[in-house]
Amino acid sequence: MRKVIGIAVFFTGLYLWIVWAQSFVAMDGQRYFMIADDALISLRYGWNLAHHGELVFNLGDRVEGFTNLIWTLWAALLSLFLDKRFVPLAIQLTGLPLLLITAWNFRAISLRYVKSWDTVAFVLPLLYYPLVYWALRGMEVSLQAALVSSAVRIALNGNRSYGWLLGLAYATRPDSLVPALVVFGFRFRRSREWLIEILPFVAIAFSILVFRLYYYGEWVPNTYTLKVVGYTLAERLSLGIDYITPFIQQNFWLWPLLIASLLWRPTREKLLLSGIGISMLLYVIYVGGDGLPQHWRFLSPYVPMIFLALSLDLPYIRHRTMHVLAIAGTGSLIFLSLSLLCIYGLRGELSYPFTEDRLNVEASIVLDNVLAEDAKIAVFFAGAYPYYTEREAVDCLGKSEKYVARLKPDPNFLAIGHSKFDLDYCILQSNADAVRLLWWPNRSDELPKGELIFQGVWLNLSGTDFYFYFRKNSPHVDWSKLEQYSVQ
């Protein structure tokens, strides 16, 4: 137990250090804590619910541009008590206890089957860099991991309440349906009251559907329409395979080990744990991958479960040489994972603010000062600008824009969540007063006559020049103030 506490304390210190290292003091002299731009979209919905009573992106326009209901509601609760700058910090800090809960669940599962290796099980989710990365970036993966691992632990113990946890996981992200089906399948032959066990999940899922129909008037979220409707199955599979291939290559050592392990000892608990990870991998291929390609966001809550399944074999390796090799291999993987986390956390990409995040916040400060309250912004980064300025925003890539989500994807630029756009609609017809780009996805696709309607301005953002466009002669732009921020 002392080892577990020591590991938890070390991980907590490293996590908090990274949170601080990722923050920065902006041009207004205030410190900002940064999360991913997509995470800020959820905070925009949460802020509007907390302060205006509407779970919407733009007030008065009911569009469900999020797929993480519980996470968004949590952001709304935080927004009732915290300044806008500190809600991202609270979201980051929320990930810490959730990761520790996941680690504790892993340890509890290990103690049930292989008591002497529980410390190894505890560190598995804490050392899996993609899971930690996305928790620090404010995404809901930490809550998914905690809920699903808790449900697995309870299901393995024969407790029927696991259905509630899987229902909450579904409310966190609907793709939690995939691991939920695996867990329900595991329990199907082991419980005579299987139908009763799945009722909480069905009740939660049905309640969400009723709320969506009542509040948004749609059967599915707008994000589903954006990312699925209009793509053929062949296109999605092709994109999904392209997305997942680097993941399979990076983890080349995992697949022969998993196959050998399941052939050697195909126990139900190993099939359950590995089945959750493999089913999500197949799901990611089916939906066409992810618009955020780095660090395997959709897979990150579940890959550690495959590692846990492999660790259940360690006590059964009787041959002395193989036993030594297994211990050495496990120790090496833990050391490498810890080294990777420390390197990225103390010296790598997490040891300083992301440049893109910082510039988006700095530009938002400028926009908040030079745009009238009734101004409109056309956005490709739909998180930072709407969240920090509180201006009406047109989401040019369609996550919170019904018209764009229903367009056909551009066959010359197939990328899930980024292939539907109508620049004329989102920039010109919407009468946007400011926009970061006049082109998408390439500069060669620049909006015709855009330069005639908009004036490009180089903004000085804490020593970095940043180009932004403002509608010429717009009454919603304070041009005298804008000159103060312009590069002379």
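So for the range 25-32 (the condition being at positive phi and modelled with pLDDT under 95), does at least one residue qualify? Yes, there is a match, as at least one residue in the range 25-32 is at positive phi and modelled with pLDDT under 95. Within the range 438-475, which residues are of a type in the set (D, E, K, R), modelled with pLDDT of 90 or more and not in a loop (DSSP other than H, G, I, E, B)? The one that is of a type in the set (D, E, K, R), modelled with pLDDT of 90 or more and not in a loop (DSSP other than H, G, I, E, B): R471. Within the set S300, S274, the sole residue that is out of contact with any Lys or Arg (no Cβ under 9 Å at 6 or more places or on another chain), surrounded by 16 or more Cβ atoms within 10 Å (Cβ to Cβ) and free of Cβ contacts under 8 Å to residues at least 40 places away in the same chain turns out to be S274.
Okay, residues lined up against (1) of a type in the set (F, W, Y); (2) within 20 Å of G463 (Cα to Cα):
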site	(1), (2)
R2	no, no
I5	no, no
T12	no, no
L16	no, no
W20	yes, no
A26	no, yes
Q30	no, yes
D37	no, no
L43	no, no
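Please indicate, with yes or no, whether at least one residue in the range 213-234 is within 30 Å of I154 (Cα to Cα) and in contact with a Gly (Cβ under 8 Å, 6 or more places away or on another chain). Scanning the range 213-234, I find no residue that is within 30 Å of I154 (Cα to Cα) and in contact with a Gly (Cβ under 8 Å, 6 or more places away or on another chain), so the answer is no. Cβ separations smaller than 6 Å between residues 6+ apart or across chains give the following pairs from the range 364-383 residues that are outside any helix (DSSP H, G or I) to residues that are among the hydroxyl-bearing types (S, T, Y): I377/Y385; V379/Y385. If I filter the range 410-421 for residues that are open to solvent by less than 60 Å² (accessible area, probe 1.4 Å), more than 15 Å from F468 (Cβ to Cβ), among the β-branched types (V, I, T) and at pLDDT 95 or above, do I get at least one hit? No, the conditions are met nowhere in the range 410-421. Residues of the range 46-60 that are free of Cβ contacts under 8 Å to residues at least 60 places away in the same chain and not in a loop (DSSP other than H, G, I, E, B): G46, N48, L49, A50, H51, H52.
Taking residues in the range 457-484 that are open to solvent by 70 Å² or more (accessible area, probe 1.4 Å), and partners anywhere that are among the charged types (D, E, K, R) and at pLDDT below 90, the pairs with Cβ atoms closer than 7 Å and at least 6 places apart or on different chains are W458/D465.
Just one of the numbered conditions (1) in a helix (DSSP H, G or I); (2) of a type in the set (G, A, S); (3) at pLDDT 70 or above is not true of S332: (3).
Conditions (1) touching a Pro at 6+ places or on another chain (Cβ under 9 Å); (2) β-branched (V, I, T), marked per residue:
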position: F10; (1), (2): no, no
position: A36; (1), (2): no, no
position: L40; (1), (2): yes, no
position: D61; (1), (2): no, no
position: T72; (1), (2): no, yes
position: R85; (1), (2): no, no
position: P88; (1), (2): no, no
position: L98; (1), (2): no, no
position: Y113; (1), (2): yes, no
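Which condition number does G217 fail, the rest of (1) in a helix (DSSP H, G or I); (2) in contact (Cβ under 8 Å) with a residue 12 or more places away in the chain; (3) more than 26 Å from Y133 (Cβ to Cβ) being met? For G217, the failing item is (1). Consider the range 28-45 and keep the residues that are acidic (D, E) and part of a helix (DSSP H, G or I). The one that is surrounded by the most Cβ atoms within 10 Å (Cβ to Cβ) is D37. Residue count for the range 186-240 under the criterion of being within 24 Å of the chain's Cα centre (by Cα), within 20 Å of A151 (Cβ to Cβ) and open to solvent by less than 50 Å² (accessible area, probe 1.4 Å): the result is 4. Scanning the range 1-16 for residues that are open to solvent by 10 Å² or more (accessible area, probe 1.4 Å), more than 23 Å from A135 (Cα to Cα) and touching a helix residue (DSSP H, G or I) at 6+ places or on another chain (Cβ under 9 Å) turns up at least one hit. In the range 86-104 there is at least one residue matching the filter, namely being more than 24 Å from N251 (Cα to Cα), modelled with pLDDT of 95 or more and in contact with a strand residue (DSSP E or B) (Cβ under 8 Å, 6 or more places away or on another chain).
The values are calculated or read from the model by the stated rules, or taken from the named source; none is laboratory data. It should be emphasised that the depicted structure is a prediction, and the values quoted were computed from it without experimental measurement. Here Cβ is always computed from backbone atoms with ideal geometry, including for glycine, and neighbour counts include all displayed protein chains. These accessible areas exclude ligands, DNA and RNA; they are computed on the full protein's heavy atoms, side chains included. Shrake-Rupley method; radii C 1.70, N 1.55, O 1.52, S 1.80 Å.
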